[in-house]
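Remarks on the structure that follows.
The values are calculated or read from the model by the stated rules, or taken from the named source; none is laboratory data. Just so we're clear, the structure is a prediction, and the values are computed from it rather than from any experiment. All Cβ positions, even for glycine, are placed from backbone atoms using ideal geometry, and neighbour counts span all protein chains on display.
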Amino acid sequence: MSGGSASIGGHVSGFAATRRSDGWWQGWALTAGGLFLFFGYLTLRAFTGKYYWADPYISPVASPPLFTPVNGPGVVPLHHAWFGAFPSFWPRFLPQSPAFFIPGLAIAFRATCYYYRKAYYRAFAATPPACAVGGAPLKYRGETALLLFQNLHRYVLYGALLLLVFLWYDAFAAFFRNGKFGIGVGTLVLIINATLLSGYTFGCHSWRHLIGGKLNCFSCDGASKTRYKIWKKSTWLNERHMLFAWLSLFWVAFTDFYVMMVSSHHITDLNTW
Amino acid sequence: MATRTFKVWRGDKDGGEFKEYSVEVQPGMVVLDGIHRIQAEHSSDLAVRWNCKAGKCGSCSMEINGKPRLGCMTRLNSLPEGTVTVQPLKTFPLIKDLVTDVSWNFEQNKRIPPVKLKPRDADGNYRMMQEDIDRVQEFRKCIECFLCQDVCHVLRDHHKHDHFVGPRFMIRLAQLEMHPLDTVDRVPAMRKEFGSGWCNITRCCTEVCPEHIQITDNGIIPMKERVVDRYYDPIAWFLKKVFGGSKA
């Protein structure tokens, strides 16, 4: 038993109180640590505003770039940004980082994801920290009040699908340097990144619902049968959603790290150019 | 022969205490066997609900070493060495020892609108294909052990019995809503009366299900998504505001 006070049935109440004798806190600690580490790293990188570009590789933290700084170490070239340089009215206290625009959708997508909700409700809100373990002494409203915004997950999904198009474009663009076809370690890193993110996105519960789950009859007409086939594939991914959530998160961070290291000349990209 | 210490809650709604029993154990024994041996050798008035002893009736739900489990499906050699702690379910009122009053669950079931089938085909038959009912059949594996209800923190810790129907009945709702022949619209009730928004999908219900039903991914989340379809679709909301229309 850990913590709390005993009541009828010998049950204990209070934060983290339980009679569980297994290492329930290990999963909690791993999840909390993993979320803190990877989201912490990506947030930090979003605010650095540099080393996002190592021709022909672009970090997923900065892609697609709406604006880019005019100069600075490892910044995305001006011609690569949709609208060129950052506008003059950009606040001085904020670094000029392309990560603040469309890539932010990825954060919103993960923040409202059904898997991550479980992960951070347990890890950070402790509602509850683990099964049959006492939760944080908070007034619990579930997702009926402040957290109603979680219901917008599917609309962030639309943004994530758009983002996926750009990330695949980046991966294919990584085969060309100055118009010359080739391949480098960075190309493979970017392709794996887009692949894992596709596995994560197409296993999304909202995608699975929209693509076919909302139907009650899968066999009623041709369109339903097609949607059923896609739904089944999405279900396969959905059953591995947690795996893809973590793999893709790790790989986004790794991709950015790799681009940063090449861009800052700490490592040399092996390639055919 | 090896022995194992069982620490079993003895008492009723007015109070009680843990009592320890030393029980001879053999390979293959489950926790319920140990309880039966206590009844036979130490305390014949120890109350426990059980029936099939095969993991199919859902009667012997209890908390073993702090986790909601079926007594008949928990082998002693699957538990860590040392004392085995056995308690009644926490979420429901205690009757005696390991027996709780789970009748609240049956009341919830009565609140759910039953299936209302659409008209038969012209030849007088109903037709549905296997792929249409695969999802529904998963939910029909439920043995109503109520372990999911017990572990659900909305009921267990926050006592929101008046607001949330619990995971067992969310999948009952899903089972009916996804039925290809059913015509009843339960989405408004799912949101209000049955409280789908109270679930914060921490998946403990799925973790404890002895039938391995994917309660959260295949039942609760699809139902939450249907509620989103109806109530939280900003595009539909905007169109309704601009062009008017009745609230579903």
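Of all residues in the stretch A:141-163, those that are within 10 Å of chain B (Cβ to nearest Cβ), over 21 Å from the mean Cα position of the chain (by Cα) and farther than 14 Å from residue B:201 by Cβ total 2. Exactly one residue among B:151, B:165, B:136 is farther than 17 Å from residue A:127 by Cα, of a type outside the set (Ser, Thr, Tyr) and within 11 Å of another protein chain (Cβ to nearest Cβ), and that residue is B:136. Restricting attention to the stretch B:211-219, does a residue exist that is within 27 Å of residue B:130 (Cβ to Cβ), of a type in the set (A, V, I, L, M) and within 13 Å of chain A (Cβ to nearest Cβ)? Yes, there is a match, as at least one residue in the stretch B:211-219 is within 27 Å of residue B:130 (Cβ to Cβ), of a type in the set (A, V, I, L, M) and within 13 Å of chain A (Cβ to nearest Cβ).
Return the residues of the stretch B:117-146 that are farther than 30 Å from residue B:62 by Cβ, part of a loop (DSSP other than H, G, I, E, B) and touching a strand residue (DSSP E or B) at 6+ places or on another chain (Cβ under 8 Å); say none if nothing qualifies. Spell out how you get there, then give the answer.
As a first pass, look at the stretch B:117-146 and keep what is farther than 30 Å from residue B:62 by Cβ: B:117-135.
Subsequent filtering for residues that are part of a loop (DSSP other than H, G, I, E, B) retains B:118-129.
Once the filter is applied, which keeps residues that are farther than 30 Å from residue B:62 by Cβ, part of a loop (DSSP other than H, G, I, E, B) and touching a strand residue (DSSP E or B) at 6+ places or on another chain (Cβ under 8 Å), the stretch B:117-146 yields B:118, B:126.
Cβ separations smaller than 7 Å between residues 6+ apart or across chains give the following pairs from the stretch B:53-82 residues that are assigned by TED's automatic domain parsing to the domain that holds residue B:27 and more than 18 Å from residue B:10 (Cα to Cα) to residues that are assigned to a loop (DSSP other than H, G, I, E, B) and of a type in the set (Phe, Trp, Tyr): B:59/B:50; B:72/B:50. Do we find that residue B:193 is touching a Gly at 6+ places or on another chain (Cβ under 6 Å), more than 11 Å from every other protein chain (Cβ to nearest Cβ) and of a type in the set (Asp, Glu) in this structure? Here the answer is no, as residue B:193 does not meet what is asked.
Of the residues A:270, A:237, A:197, which is in contact with a helix residue (DSSP H, G or I) (Cβ under 7 Å, 6 or more places away or on another chain) and surrounded by fewer than 16 Cβ atoms within 10 Å (Cβ to Cβ)? Lay out the reasoning, then the answer.
Details: A:237 fails: surrounded by fewer than 16 Cβ atoms within 10 Å (Cβ to Cβ); A:197 fails: surrounded by fewer than 16 Cβ atoms within 10 Å (Cβ to Cβ).
Criteria check complete, one pass: A:270.
If you take the residues of the stretch B:64-116 that are assigned to a helix (DSSP H, G or I) and within 23 Å of residue B:39 (Cα to Cα), which of them is nearest to the other protein chains (Cβ to nearest Cβ)? Looking at the filtered set, the residue picked out is B:78. Restricted to helices (runs of 4 or more DSSP H) entirely inside the stretch A:177-250, those with at least 3 residues that are over 25 Å from residue A:106 (Cβ atoms) and either free of Cβ contacts under 8 Å to residues at least 60 places away in the same chain or in contact with a Phe, Trp or Tyr (Cβ under 8 Å, 6 or more places away or on another chain) (or both) are A:222-238.
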